[in-house]
Amino acid sequence: MASKFITVSLLSLASLLPAGAVEAQSALIQPAVLNSATVRDVQVTPVVTNRRYYRRRHARRKTIKRVGIGAAGGAAIGALAGGGPGAAIGAVAGGGAGALYDHHEKTKGR
């Protein structure tokens, strides 16, 4: 891999020289030979990706807020529609809807 890189870079440098200088320089340019001694001295740099890590702030508090607002809204609508038992059913349904919304918000973009 490194010898291909060196060869390509030397060829690109040779293309920048005037036409007469290429023949004169071709005798001086020799491909690099890698042996185990030179490979051991090479340091490998880790590849850095574009991934960022964000600190999740107040995740549990947001979950409680979203589920609680959903449950309160469901209870209010259920109480208007069916009295006491309707409020209980609405609270459960609203809490479930709030939990679904919370899961959607937490996994957005993944």
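Here are the numbers for this structure:
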| quantity | calculated |
| --- | --- |
| Subset tally (residues that are outside any loop (DSSP other than H, G, I, E, B) and either among the small types (G, A, S) or at pLDDT below 85 (or both)) for region 47-67 | 1 |
| Search result, residues across region 57-81 that are surrounded by fewer than 16 Cβ atoms within 10 Å (Cβ to Cβ) and basic (K, R) | R57, R60, R61, K62, K65 |
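The values are calculated or read from the model by the stated rules, or taken from the named source; none is laboratory data. In this text, all values refer to a predicted model and were calculated from it rather than measured experimentally. Cβ: placed from backbone, ideal geometry, glycine included. Neighbour counts: every protein chain shown.
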